[in-house]
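Single-structure report; data block below.
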Amino acid sequence: MLKGKHILLGITGSIAAYKAAGLVRLLVKEGAEVRVVMTAAAKQFITPLTMATLSRNPILVEFFDPENGQWNSHVSLGLWADLYLIAPASANTLSKMAHGIADNLLLTTYLSAKCPVMAAPAMDLDMYAHPATQESLRILRERGVRIIEAASGELASGLEGKGRMEEPEKILSVVRAFLQSRPQTLAGRRAVVTSGPTREAIDPVRFISNHSSGKMASAIADELSGRGAQVTVISGPAAVYPSSPGVEVRKVVSAAEMYEATVAEYDRGCDITVLCAAVADFTPASPSETKIKKDGSVMTLELRPTRDIAAAIGDRRRSGGVIAGFALETDNARDNALSKLRRKNMDMIVLNSMEDKGAGFGVDTNKVTIFRRDGSSRDIPLESKAEVAVSIVDNIEDLLGGQKGC
Ligand code: PMT
């Protein structure tokens with residue numbers, strides 16, 4: 001499955017380093033060529049001899065070999081690799097990666113790598129939950145590093161919680177899905193995806209927003225990009241951004257900014273438009289230029305409606321493309337979704353309900369129904385947002401190809 005793929009495995013100082021041995025065996029068994037770079041701390045947990053034997057390549061730790069002076073070029077390592085997988089990635093290494101610290105070969109290779117990078121964190125639960133670690137993960141995600149989330153369970157400290165490095169089999173399946181060459185069925189197509197929440201200023205320090213994380217839209221953008229489309233994401237201030245290096249992300253803050261950016265992108269010529277953002281429907285009519293002071297009395301905020309991006313795109317629709325919207329409902333879900341589909345002149349709408357556990361805002365899973373203009377519909381059971389994105393993009397492809405029915 002991974003025949004001919006070059007995988008550079010970075011191992012850092014963590015008790016989970018022992019799992020890297022199993023991971024290398026699995027990667028080699030799949031046909032990948034594996035080279036291993038270790039930090040000095042990693043050598044305390046697993047020996048270079050073990051890793052060299054399993055990977056069938058010498059291990060790289062130092063910038064040069066003290067015996068013969070041979071230089072280990074971090075630049076050529078990064079160019080050689082199809083994927084740089086850092087597993088386990090300790091809190092220390094993640095933090096250094098996020099801040100551009102380059103005090104070992106693993107880190108200099110990261111800073112000069114031209115290939116996609118994945119990291120599988122491993123640490124104690126409190127370290128994982130610490131705002132510093134979470135901030136490092138956020139920064140890295142934003143810069144395109146794919147984070148293979150830590151799992152929950154018993155930790156080396158004896159405590160229970162989130163921080164265990166994912167099992168080698170799971171990491172292998174993520175790597176496989178990422179590296180397998182996929183049919184480029186959307187090559188030559190341009191797509192725009194709106195993502196995340198918007199923020200509507202009340203005054204310079206306060207805003208109205210919602211709980212959208214950007215996870216659903218990012219999964220769709222990654223799926224479109226994986227099939228060869230040229231994807232632009234117009235994102236409000238989200239927690240998650242697409243991880244495919246090919247996806248262009250344009251950041252906006254307010255519904256008005258998202259409107260301008262999305263309509264301009266559509267007018268440049270898009271084959272696929274996915275309106276997944278949770279755009280504010282109302283914005284303060286006259287935001288204060290200075291911080292509003294409390295004086296003990298009740299405050300009334302006047303709100304005016306924002307411009308509807310989906311409706312504007314529907315009004316300008318050109319033939320040949322696909323416009324897909326979302327509906328997030330709390331009641332009368334089906335009727336409301338179908339009404340939005342017609343009113344906003346879309347080709348399909350993806351309904352997710354706040355009533356369904358594990359669906360909608362923030363979570364990694366979603367449960368949706370896809371409705372098409374021709375009246376057909378399909379229920380997608382609770383699945384990861386990545387899997388839901390596959391069904392959504394399958395439907396988009398079908399519609400582009402002119403086929404009828406979900
Ligand atoms: O980001 P996550 O945490 O992963 O959560 C995903 C999600 C729940 C945000 C996503 O799956 C979703 O449902 N997005 C749409 C949420 C929403 O605003 O739904 P709506 O029913 O209010 O809007 C209907 C459609 O009109 C949507 O396509 C929306 O993007 C669009 N719209 C709404 C208002 C507006 N001013 N402009 C718009 O384009």
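The values are calculated or read from the model by the stated rules, or taken from the named source; none is laboratory data. Remember, predicted model here, so these are calculated numbers, not experimental data. A quick note on method: Cβ atoms are made from the backbone with ideal geometry, for glycine too, and the neighbour counts reach across all protein chains shown.
Within the stretch 346-362, the set of residues being in contact with a helix residue (DSSP H, G or I) (Cβ under 9 Å, 6 or more places away or on another chain) and buried (at least 17 other Cβ atoms within 10 Å of the Cβ) comprises 346, 347, 348, 349, 350, 351, 352, 353, 360. Among the residues making up the stretch 62-87, those that are under 16 Å from residue 34 (Cβ atoms) and surrounded by 20 or more Cβ atoms within 10 Å (Cβ to Cβ) are 77, 81, 83, 84, 85, 86, 87. Pairs linking a residue in the stretch 167-191 that is free of Cβ contacts under 8 Å to residues at least 40 places away in the same chain to a residue that is buried (at least 19 other Cβ atoms within 10 Å of the Cβ) and not acidic (Asp, Glu), with Cβ atoms under 8 Å and 6 or more positions apart or on different chains, are 170/148. Counting residues in the stretch 138-151 that are of a type in the set (Gly, Ala, Ser), in a strand (DSSP E or B) and over 15 Å from the mean Cα position of the chain (by Cα) gives one or more. One residue stands out among those in the stretch 235-268 that are within 16 Å of the chain's Cα centre (by Cα) and outside any loop (DSSP other than H, G, I, E, B): the one that is nearest to the ligand (Cβ to nearest atom), which is 235.
Residues that are touching a residue at least 60 places away in the same chain (Cβ under 8 Å), aliphatic (A, V, I, L, M), more than 25 Å from residue 259 (Cβ to Cβ) and more than 10 Å from the ligand (Cβ to nearest atom) are absent from the stretch 374-385 altogether. Of all residues in the stretch 104-113, none satisfies being closer than 16 Å to residue 14 by Cβ and among the hydroxyl-bearing types (Ser, Thr, Tyr). If you go through the stretch 258-293 and keep only what is surrounded by fewer than 18 Cβ atoms within 10 Å (Cβ to Cβ), of a type in the set (Ser, Thr, Tyr) and in contact (Cβ under 8 Å) with a residue 40 or more places away in the chain, you end up with 288, 290. Criterion applied to 225, 213, 173 was being closer than 15 Å to residue 386 by Cα, more than 16 Å from the ligand (Cβ to nearest atom) and surrounded by fewer than 22 Cβ atoms within 10 Å (Cβ to Cβ), and the one residue passing it is 173.
State whether one or more residues within the stretch 190-204 are farther than 20 Å from residue 349 by Cα, more than 13 Å from the chain's Cα centre (by Cα), of a type in the set (D, E, K, R) and more than 16 Å from the ligand (Cβ to nearest atom).
Yes, that holds for at least one residue.
Scanning the stretch 355-372 for residues that are among the charged types (D, E, K, R), away from the ligand (no atom under 11 Å from the Cβ) and either at pLDDT 95 or above or touching a Pro at 6+ places or on another chain (Cβ under 7 Å) (or both) gives a single hit, 372.
On the basis of being more than 23 Å from the chain's Cα centre (by Cα) and either closer than 30 Å to residue 130 by Cβ or assigned to a strand (DSSP E or B) (or both), does residue 86 make the cut? Considered against the rule, which asks whether it is more than 23 Å from the chain's Cα centre (by Cα) and either closer than 30 Å to residue 130 by Cβ or assigned to a strand (DSSP E or B) (or both), residue 86 comes out as no.
Residues that are assigned to a helix (DSSP H, G or I) and β-branched (Val, Ile, Thr) within the stretch 90-137 comprise 93, 108, 109, 133, listed in sequence order. Checking each residue in the stretch 280-324 for being more than 27 Å from the chain's Cα centre (by Cα), in a loop (DSSP other than H, G, I, E, B) and within 14 Å of the ligand (Cβ to nearest atom) picks out 306, 307, 316, 317. Whether any residue in the stretch 296-317 is among the charged types (D, E, K, R), over 26 Å from residue 360 (Cα atoms) and free of Cβ contacts under 8 Å to residues at least 24 places away in the same chain is what I want to check. Checked against the condition, which is being among the charged types (D, E, K, R), over 26 Å from residue 360 (Cα atoms) and free of Cβ contacts under 8 Å to residues at least 24 places away in the same chain, the stretch 296-317 yields at least one hit. Sort out which residues of the stretch 269-279 are assigned to a loop (DSSP other than H, G, I, E, B) and either within 16 Å of the ligand (Cβ to nearest atom) or polar (S, T, N, Q) (or both), and write them in order of number. Of everything in the stretch 269-279, those that are assigned to a loop (DSSP other than H, G, I, E, B) and either within 16 Å of the ligand (Cβ to nearest atom) or polar (S, T, N, Q) (or both) turn out to be 270, 276, 277, 279.
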